[in-house]
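The structure appears below as structure tokens.
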Amino acid sequence: MTGVRRVDVAVIGGGPAGVAAAVTAAEAGAGVVLVDGAPRLGGQYYRRPPAGSEQLSRGRRRHRWRAFDGLEARLEELVAAGRLQVLPGTTVWSAEGGSPFLLRTRGGDRDPLAPVGLLRARTVVLATGAHDRQLPFPGWDLPGVMTGGAAQALVKGSGVLPGQAVVVAGTGPFLLAVAATLLRAGGRVVAVVEANTPHRLLTRPSELLPGLGRSGQLAGFAALLVRHRVRYLARHRVLRAVGGDAVGAVVVARVDGQGRVRSGTERELACDVLAVGQGFVPQTDLAVQLGCPVGTGTDGGPAVTVDDLQQAGVPGVFAAGESTGVGGAELALVEGLVAGAAAARRLGLAPAVDQDLLRRRQRRVAGLRRFADALHRTFPADPGWAQRVDDATLICRCEEVTAGRVREAVTGLGAADPRTVKLLTRAGMGWCQGRICAEAVDRLCPPPPDPAAGTARMLSAAKRPLAVPVGLGALAAMDGPGPDPGHPGAGPAGPSAGGSPGPRPLSTPDQPRRDQEGPTP
């Protein structure tokens, strides 16, 4: 085990929310560590192409990265001045409350011998993002079927097209972004298959106003599809993917207003890749470990409950970005600015943000959240999926559990919730620990009696002692230091009100700085 780092603010996640929070807190004088599992900052939206790639400058122009570029430039200045440390390629897999908080980390996710490290932080900002929602269908386990996020990551992060002929299917504006990414990289998009009716957004004009900038971006994506003569099939849904050793085609059909398939409307689209997007699921593992209240978002997924300062219900813990409910990169960035300022103020520091600017940012957050909620209501993730999926379809790929086995556990063995199904079928006991299949299993269980029971059931399935898979060596090394109430300024309210303590060191005098030693987990 490596030494213990002691910091004022630990920011977990290097997307727009995390970078914004880290920069804001560090500029106020806090000692900040920014931890991110990727080798480069930016998250999914600002995912970087290979270093030195010509694609990098093209991507920046197309995505209008001005706001993030400005934040990143400030971050680099803070790093050079020794006021902020970045730990790339590092994950936080366990978090404990207290004064200060205890975060267990490790670098080199795929290296079972990577050392384990400890972070003690007076405040924590959770900016852990989200992952793709998956609702299985026949053939979804064929090679060549992937999530929309995976297809986009291949292009953005590696400069690689996933295939020669791609069908993009599912629901939501993200489909347009995926198609645009593929087209701009020189790929061919056979069709965009949208299950819902996009023009319903026009019935909510007041909710659209805060998102006019994003609406303009979506219009640009749509124009790109028109220029490339890409078919846009609204109110169509994927029925199955077909192929032998890999996907060769996808069968789609038109659906009515209730999502029911209209007979006689099936058509087959030849492709070698099917990129499916059904929305995203916020990553709340660390929030649950820390005891933060988690509710149900407008899209039905979990969302960390926060107030207008992004406080996450536990003193000293803040959350920003997709973990508070999926809303896009701009919303995440503004939430991060608010969270970073609030974290600094909790420490008794005065951020370079006056009250008027803070209130404007809070109003911006509220407006963008209304816009995101309008999108979620317009593009729901297949409410009739549970009635339509057949018994032979795999639900849990890790443990090869089919929908039929889940239904048998429910109807034959009396399972009433995903946790009981897990005990009876092993669904959710594999490598991902239910992160991918939990929602699908939940949908196949009897509906909860009320929303509160539904939230409790969702949280029960989300409680995991490990936020990411780790080796046994990491668990064996868990007998590290316990609570550290003697850490200076570790009280629940931070330093006393007798004046700002100024910038704090990133390590105590007996623990030398490790700035030049590379990322230390």
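Quick notes on this structure:
- Scope the stretch 335-350; condition of a type outside the set (Val, Ile, Thr) and either under 27 Å from the mean Cα position of the chain (by Cα) or under 14 Å from ASP307 (Cα atoms) (or both); matching residues: GLU335, GLY336, LEU337, ALA339, GLY340, ALA341, ALA342, ALA343, ALA344, ARG345, ARG346
Results for (1) closer than 16 Å to ILE436 by Cβ; (2) in contact with a helix residue (DSSP H, G or I) (Cβ under 8 Å, 6 or more places away or on another chain), shown as yes or no for each residue.
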| position | (1), (2) |
| --- | --- |
| PHE280 | yes, yes |
| VAL288 | no, yes |
| GLY291 | no, no |
| VAL294 | no, yes |
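- Checked against the criterion of being acidic (Asp, Glu) and more than 30 Å from ALA20 (Cβ to Cβ), the stretch 355-362 contains not a single residue that satisfies it.
- Qualifying residue in the stretch 414-430 (condition: closer than 18 Å to ARG133 by Cα, in contact with a Gly (Cβ under 6 Å, 6 or more places away or on another chain) and crowded, with 16+ Cβ neighbours inside 10 Å): yes
- Pairs where the first residue, in the stretch 257-271, is within 26 Å of ALA165 (Cβ to Cβ) and the second is open to solvent by less than 100 Å² (accessible area, probe 1.4 Å) and part of a loop (DSSP other than H, G, I, E, B), C-beta under 7 Å, 6+ apart: ARG262/ASP256; ALA270/ALA165; CYS271/ALA165
- Residue match in the stretch 240-255 (condition: without any contact (Cβ under 8 Å) to a residue 12 or more places away in the chain, of a type outside the set (A, V, I, L, M) and farther than 30 Å from ALA366 by Cα): yes
- Looking across ARG388, ARG377, ARG419, one residue alone is basic (Lys, Arg), under 23 Å from ALA332 (Cβ atoms) and modelled with pLDDT under 95. It is ARG377.
- Lone qualifier among ASP356, ASP308 - being part of a loop (DSSP other than H, G, I, E, B) and open to solvent by 50 Å² or more (accessible area, probe 1.4 Å): ASP308
- Of all residues in the stretch 364-405 being under 23 Å from the mean Cα position of the chain (by Cα) and among the basic types (Lys, Arg), the one that is least open to solvent (accessible area, probe 1.4 Å): ARG369
- Residue in the stretch 447-458 that is of a type in the set (A, V, I, L, M, F, W, C) and within 21 Å of CYS398 (Cα to Cα) present: yes
- Those residues of the stretch 315-353 which are open to solvent by 40 Å² or more (accessible area, probe 1.4 Å), part of a loop (DSSP other than H, G, I, E, B) and either closer than 20 Å to PHE174 by Cα or modelled with pLDDT under 95 (or both), in sequence order: ALA350, ALA352
Residue-wise test of (1) under 21 Å from the mean Cα position of the chain (by Cα); (2) buried (at least 20 other Cβ atoms within 10 Å of the Cβ); (3) in a helix (DSSP H, G or I).
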site	(1), (2), (3)
MET146	yes, yes, no
LYS156	yes, yes, yes
ALA169	yes, yes, no
ALA179	yes, yes, yes
VAL192	no, yes, no
LEU202	no, no, yes
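- Taking the criterion of being open to solvent by 30 Å² or more (accessible area, probe 1.4 Å) and under 15 Å from GLU76 (Cα atoms), the only residue of the stretch 28-43 that qualifies is ARG40.
- Odd one out for ALA246, checked against (1) surrounded by 15 or more Cβ atoms within 10 Å (Cβ to Cβ); (2) modelled with pLDDT of 95 or more; (3) under 17 Å from GLY163 (Cα atoms): (1)
- Every residue from the stretch 1-31 that is touching a Ser or Thr at 6+ places or on another chain (Cβ under 7 Å), of a type in the set (Val, Ile, Thr) and modelled with pLDDT of 95 or more: VAL9, ILE12
- Test: GLU76 is over 17 Å from GLY336 (Cα atoms) and either buried (at least 24 other Cβ atoms within 10 Å of the Cβ) or modelled with pLDDT of 80 or more (or both): yes
- The stretch 250-259 - residue that is surrounded by 13 or more Cβ atoms within 10 Å (Cβ to Cβ) and over 14 Å from PHE137 (Cα atoms) and, of those, nearest to the chain's Cα centre (by Cα): GLY259
The values are calculated or read from the model by the stated rules, or taken from the named source; none is laboratory data. Remember, it's a predicted structure, so these values are computed and weren't measured experimentally. Note: ideal-geometry Cβ built from the backbone for every residue, glycine included; neighbour counts use all protein chains shown. The protein model used for the area step is the full one, side chains on, heavy atoms only, and it has no ligands, DNA or RNA in it. Shrake-Rupley method; radii C 1.70, N 1.55, O 1.52, S 1.80 Å.
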